[in-house]
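The values are calculated or read from the model by the stated rules, or taken from the named source; none is laboratory data. As the structure is a prediction and not an experimental result, all values here were calculated from the model. Methodologically, a virtual Cβ is constructed for each residue, glycine included, from the backbone with ideal geometry; neighbour enumeration extends over all protein chains shown.
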Amino acid sequence: MTAPDSVPLHALTEDHLAAASPDLLRAMVKTFADALMSAEADAACGAPYGQVSDERVNQRNGYRPREWDTRAGTVELAVPKLRHGSYFPHWLLERRRRAEQALISVVATAYLLGVSTRRVEKLAETMGVTQLSKSQVSAMAKHLDEQVTMFRNRPLDQGPYTFVWADALTQKVREGGRIANVHALIAVGVNADGHREILGLDIATTEDGAGWLAFLRSLTARGLSGVQHVVSDAHPGLVDAIGATLPGASWQRCRTHYARALLAQAPRTAQPWVATMLRTIFEQPDADAVHAQLRHVLDALETKFPKAAQHLDTAQHELLSFTAYPRQLWPQIWSNNPQERLNKEIRRRTDVVGIFPDRTAAIRLIGAVLAEQNDEWAEARRYMGTELLTKARIHPIESDTHDPITHTELTA
């Protein structure tokens, strides 16, 4: 069907909408969105709102307000709540809104300060941030900074945090008229309920002992407690900081990072064989078999590559500390691989910026990404079962046949 004079109906509609006032547009968008959300909530309940039906499986439980930023302006929506479970309009509201706001803010700040590269300027124009005034950017940044600050300083009261992973990401920041590398220190833990939780974020000039020591002390000051096992790479400053701030916790040298160090001790042609031998250690069914296989691998390496054998022998305690815990948890606590996936998500966002205009901008964007990830983990299924966590805390595996887990001296 077409309108008079053969003008397409959709064209007339667009013309009328374009000529309408912003208030009318927002009202129309709100009416449509609320109606669609109500229909989806009815479908989730199995029957329309207020209707008695044998097919009903759930009931409405009021509404929660939610802002939705549109081209017509910010619309105040009423998202239906359910008595059992939850409803979220994924098609309408982006869960990653905070991070996208942070990204726009960082790009806009760089653009307005005149320090952006051609690539960032082009991206800013694509995102429409060239139309933002300095006051708008400032207001956006202030709002985000308040959110990130609250997230970074919140009490860590969901412990005990039996397992903790620590890692650092290098970022480029403009400081003193030059581009400098800084390190984003990040810690992740498993809380008492079995969910993963972002414990903290800080920016350090160098990844040295002082930076890690200050970072871990800030976590304990906020309530980090009950830590029994920390997974990280073999940075000496980090390992010393763990021993100083988390006494009694065992340290696990990430098996993935260690594999790279071990392979460097063998000729390139032999590295696939060495890697295969190392993997067999972690494929055993119990702690006794792991230690027995380690001795077998050491004997095999000694005959061909004594330097690699010595390297593995020196690192064996820090590499096998995971065996003190239930077998079902080993894949989660013997490496930093779970945090590497988090690091990839951070890099996906920060690579867009390239070079941050200052440290505050880096904390703003990385902190927003981490806050969102923390929210998603809180709603996801448990990372570890509570029964296994209780067993790991109360009854760690002990064996007189194995040397105690200690922080051994690191080799190059």
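Here's the yes/no breakdown for (1) under 20 Å from ALA392 (Cβ atoms); (2) assigned by TED's automatic domain parsing to the domain that holds GLY159; (3) assigned to a helix (DSSP H, G or I); (4) out of contact with any Leu (no Cβ under 6 Å at 6 or more places or on another chain):
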| position | (1), (2), (3), (4) |
| --- | --- |
| GLU197 | yes, yes, no, yes |
| GLY211 | no, yes, yes, yes |
| LEU216 | no, yes, yes, yes |
| VAL231 | yes, yes, no, yes |
| ALA234 | no, yes, no, no |
Report summary line: By residue number, the members of region 329-356 that are polar (S, T, N, Q) and in contact with a Lys or Arg (Cβ under 8 Å, 6 or more places away or on another chain) are SER335
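Within region 242-270, can you find the residues that are of a type in the set (D, E, K, R) and without any contact (Cβ under 8 Å) to a residue 60 or more places away in the chain? Let's see the steps before the verdict.
Looking only at region 242-270, we keep the residues that are of a type in the set (D, E, K, R), and these are 253, 255, 260, 268.
Matches in region 242-270: ARG260, ARG268.
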Report task. Return the residue satisfying two criteria in turn: it lies in region 365-393 and is in contact with a Gly (Cβ under 9 Å, 6 or more places away or on another chain) and hydroxyl-bearing (Ser, Thr, Tyr), and of such residues it is surrounded by the most Cβ atoms within 10 Å (Cβ to Cβ). Result -> TYR383
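Here's a check for you: in region 349-381, which residue that is of a type in the set (Lys, Arg) and in contact with a helix residue (DSSP H, G or I) (Cβ under 9 Å, 6 or more places away or on another chain) is modelled with the lowest pLDDT? Break it down into steps so the answer makes sense when it comes.
So the first thing to find is which residues in region 349-381 are of a type in the set (Lys, Arg), and the list is 349, 359, 364, 381.
Now narrow it down to the ones that are in contact with a helix residue (DSSP H, G or I) (Cβ under 9 Å, 6 or more places away or on another chain): 349, 364.
On the way: ARG349: 79, ARG364: 88.
Out of the qualifying residues, it is ARG349.
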Query raised in the report: Which members of region 158-182 meet the condition of being touching a residue at least 40 places away in the same chain (Cβ under 8 Å) and more than 24 Å from GLY209 (Cβ to Cβ)?
Result: GLY159, PRO160, THR162, ARG174, ILE179
Report summary line: Among the residues of region 271-291, the number that are without any contact (Cβ under 8 Å) to a residue 40 or more places away in the chain and either surrounded by 14 or more Cβ atoms within 10 Å (Cβ to Cβ) or among the polar types (S, T, N, Q) (or both) is 11
